[in-house]
There are 2 protein chains.
Amino acid sequence: MADLISSDSSTPSPLLVVGSVAFDNVITPKAEQERILGGAASYCSFAASYYANVRMVGVVGNDFGESDLDRLRARGIDLEGIMKDESGPTFFWKGKYHENFNRRDTLDIRLNVFENFRPDLPDSYLNSEFVLLGNIHPALQMHVLDQLSGNPFVLADTIDLWIETEREALLSLIKKVSLFVINDSEAEEMTGESNIILAGDKLRQMGPQSVIIKKGEHGAVLFHEDGKFALPAYPVTQLNDPTGAGDSFAGALIGRLASRNRTDFAAIKEAMLYATCTASLTVEAFGCDRLESAGKSEIEERVSTLQKLISVA
Amino acid sequence: MADLISSDSSTPSPLLVVGSVAFDNVITPKAEQERILGGAASYCSFAASYYANVRMVGVVGNDFGESDLDRLRARGIDLEGIMKDESGPTFFWKGKYHENFNRRDTLDIRLNVFENFRPDLPDSYLNSEFVLLGNIHPALQMHVLDQLSGNPFVLADTIDLWIETEREALLSLIKKVSLFVINDSEAEEMTGESNIILAGDKLRQMGPQSVIIKKGEHGAVLFHEDGKFALPAYPVTQLNDPTGAGDSFAGALIGRLASRNRTDFAAIKEAMLYATCTASLTVEAFGCDRLESAGKSEIEERVSTLQKLISVA
């Protein structure tokens, strides 16, 4: 069990994380690296592992070794939900970032064993009270929800691909979601509204209890029935690989909520601070390297820095 | 005398404002309007007039009428420093905003009487303890500083034109500036640094005591010897004309400082809230119309909304 960031709750809830597991080749303006452990589920789980007991669901292929699994185990992540499919290799993505990291091109994508992934949950996961639906097909996200008992707090993420190709399935899904997390360009794509405030209000009208719109280096805005909250990003000066920043944000966010066993407006705002700081680590190195090695004291230091940065008094 | 927003100081200081006075024709994706009273000095002065006793310095031409002057007088603005040059018309600018207002093209610009403008201060202005150097040629900004007695708190603004054509004069000027206010693209142009945190640190090393980098709809960041402060923008949903937003921000910012007679880190942070909210009014209508008509209670309401928006607790 990894050492967790302390919270005010004596009864932290376990957190179910579902998403892709991948090997990535990433090219940035500064460097490139191959066979990086990635995918939404990996980033989400590593980030959440600082806060909660993570139950991870995903599929890996015949090229996924014990050493890769050991990296996740070392952070206390429960891997009962990771299926090893020996019929082929792990999901593979190769991408290249442009100057200033503000855009990227996909150079190669091979679904491999991920093509037939169907997230059937182990029995021991069915009672999860906190659920992170990382980016996968919205019908698969719905399939996860259908298996769960009780009334879990559900955070869902998505990408432009599903907004374009699976809009109806996505609209059905977000009606069942507690907290829908999306970036600014995707919010505009879903609502047709370029003003972020109006876009957030419209997204909430589509069904999710709350919405967070992420603006990358410009921070994030929460839309909640009790009000709005705007948070600047952590002041990163060593940007090396933006891959997984959004997944790390989502993982830390719901991880923090699970660790406090709270989901009210104030708790979500507080969790956004931890999420922003955790994601700021991710982008400072390729893959999950910084996330894995940082340690909880580094996150707590950044939260303290961010609190000062946004404090008027 | 216009009704001022209350402050905690019993000795508000008068504020000197220098800049262009213009008539603008503005075309936006939604509408267009002609002969709008504009220019940096107008926006700065209207915005500052909610907080401080403004002494305005500029030049107007033979087409500038008593009704235009009356608009400024109605806000309590001292016009002793406004010179009327009968030899030609007032500075004229015509511009067109693109879709989403994120870029604009200058369609026509006529300097007219502004071409020979030399800001010689009336004697009664020489003791000003707060000075706003709105966007004009940096040599003229320096000429204003050279006339002032004492050790005033000086806020300077600039534009990309002077960064490109008058870099040396600008570098000399900002060494004498208390607070240098600049937008993100200009900050990158001046420092060669695209990371806003590094750009702000570099700008401070160039001489000004403090720096604010404005990011439009994404807010602003203060760089001060006592720390940094990041503030989101006021959540505007009725964007109609961005012209003058930066000038209004600067005017309200130093106006608020003058009204409290304070220039410390906490005071600048507090003034940024007022500046953001005052500028949010400007963009909701063409020209200074909203600024003029809003009233202090509307600004105070927005400050309260913004405080809630950024409050973690």
Count the DSSP beta bridges whose two residues both fall in the stretch B:15-309, then state the antiparallel fraction as a percent rounded to the nearest 5.
40
Excluding residues fewer than 8 positions from A:K94 in its own chain, the lysines with Cα under 23 Å of it are A:K30, A:K84
The stretch A:15-309: Cα Rg divided by the 2.2 N^0.38 Å rule of thumb:
0.92
Across bins of 5 angstrom width beginning at 0, how are the C-alpha pair distances of the stretch B:53-187 distributed, in whole percent?
2, 9, 16, 19, 19, 18, 12, 4, 1, 0
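Lys and Arg at +1, Asp and Glu at -1: add these up for the other residues within a Cβ distance under 14 Å of B:T106 and post the number.
+1
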Could you derive backbone 3J(HN,Hα) for the stretch A:286-292 from the dihedral phi with the Karplus parameters 6.51, -1.76 and 1.60 (θ = phi - 60°), listing whole Hz in sequence and x where the residue is Gly or Pro?
5, x, 8, 4, 5, 4, 5
Simple spin-label estimate for A:S311 and B:A313 in nanometres, 7 Å along Cα-Cβ
1.1
In nm to one decimal, list the spacings between the A:L107 label point and its equivalents in the other copies, with label points set 7 Å along Cα to Cβ, shortest first.
4.6
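When only DSSP loop residues count, what GluC sites (Glu not before Pro) in the stretch B:1-107 have their Cβ near at most 14 other Cβ atoms within 10 Å?
Listed in order of number, the matching sites are B:E86.
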Local electrostatic count at A:S185 - Lys and Arg +1, Asp and Glu -1, tallied over other residues with Cβ under 11 Å
-2
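For an R0 of 25 angstrom, estimate the FRET efficiency from the Cβ-Cβ distance between B:K175 and B:A266 and round to the nearest 0.05. Before the final figure, lay out each step's value.
Details: r = 25 Å, r/R0 = 1.00.
Using R0 = 25 Å, I get an efficiency of 0.50.
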Antiparallel bridge percentage (DSSP; both residues within the protein assembly as shown; nearest 5):
40
Which of the pairs B:K96/B:K269; A:K175/A:K214; A:K176/A:K214; A:K308/B:K296; A:K202/B:K296 have their Cα atoms more than 22 Å apart in this structure?
B:K96/B:K269; A:K308/B:K296; A:K202/B:K296
Given 10 °C and 1.306 mPa s, compute D for the stretch B:15-125 with the Stokes-Einstein relation, Rh being the Kirkwood radius over Cα pairs; round to the nearest whole µm²/s.
109
Which far-off residues, 5 or more places away or on another chain, put their amide H under 5 Å from the one on B:G38, with H placed in the peptide plane?
B:A22, B:F23, B:D24
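Taking N as the number of residues in the protein assembly as shown, what value does Rg over Cα atoms divided by 2.2 N^0.38 Å take? Each step should come with its number before you reach the end.
Numbers: Rg = 27.0 Å, N = 626, 2.2 N^0.38 = 25.4 Å.
Working it through for the protein assembly as shown, the quotient is 1.06.
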For the stretch A:107-222, what's the radius of gyration and Dmax over Cα atoms, in angstrom?
14.8, 44
Distance between the stretch B:236-313 and the stretch B:1-49 - C-alpha centres, whole angstrom
12
Just add up the charged neighbours of A:E164: K/R +1, D/E -1, any other residue whose Cβ is under 11 Å from the Cβ of A:E164.
-3
Quick one: of the DSSP bridges fully inside the stretch B:40-136, what percent are antiparallel, nearest 5?
55
For the stretch A:157-313, just run the numbers: alpha carbon Rg, then divide by 2.2 N^0.38 Å, N being how many residues it has.
1.02
Amide H of B:M83: which non-local residues (sequence gap of 5 or more, or other chain) have their own amide H closer than 5 Å, using H built in the peptide plane?
B:G58, B:V59, B:V60
Run the Debye formula on the Cα coordinates of the stretch A:213-280, all scatterers equal and no solvent, and tell me log10 I(q)/I(0) at q = 0.12, 0.23, 0.24 1/Å.
-0.29, -0.98, -1.05
Where only alpha carbons of the stretch A:88-136 are counted, the Rg and the Dmax (Å):
16.0, 47
Can you give me the relative contact order of chain B as a percent, contacts being Cα pairs under 8 Å and 6 or more apart?
20
Across the identical copies, how the A:E66 labels are spaced - nm, sorted shortest first, 7 Å along Cα→Cβ
9.6
Using only the alpha-carbon atoms of the stretch A:22-69 as identical scatterers, what base-10 log of I(q)/I(0) does the Debye formula give at q = 0.16, 0.23, 0.25, 0.32 Å⁻¹?
-0.55, -0.94, -1.02, -1.22
What number, rounded to the nearest 500 deg cm²/dmol, is the helix-based mean residue ellipticity at 222 nm of chain B, given -39500 (n - 2.57) per DSSP H run of at least four residues and division by all its residues?
-10500 deg cm²/dmol
With respect to the symmetry axis carrying chain B onto chain A, which residue of chain B exhibits the smallest Cβ distance to that axis, and what is the value in whole Å?
B:H218, 2
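Throughout, read-outs are computed from the coordinates displayed, never taken from laboratory work. Keep in mind the model is a prediction, meaning the values are calculated, not measured. Note that we place each Cβ from the backbone using ideal geometry, even for glycine, and neighbour counts take in every protein chain shown.
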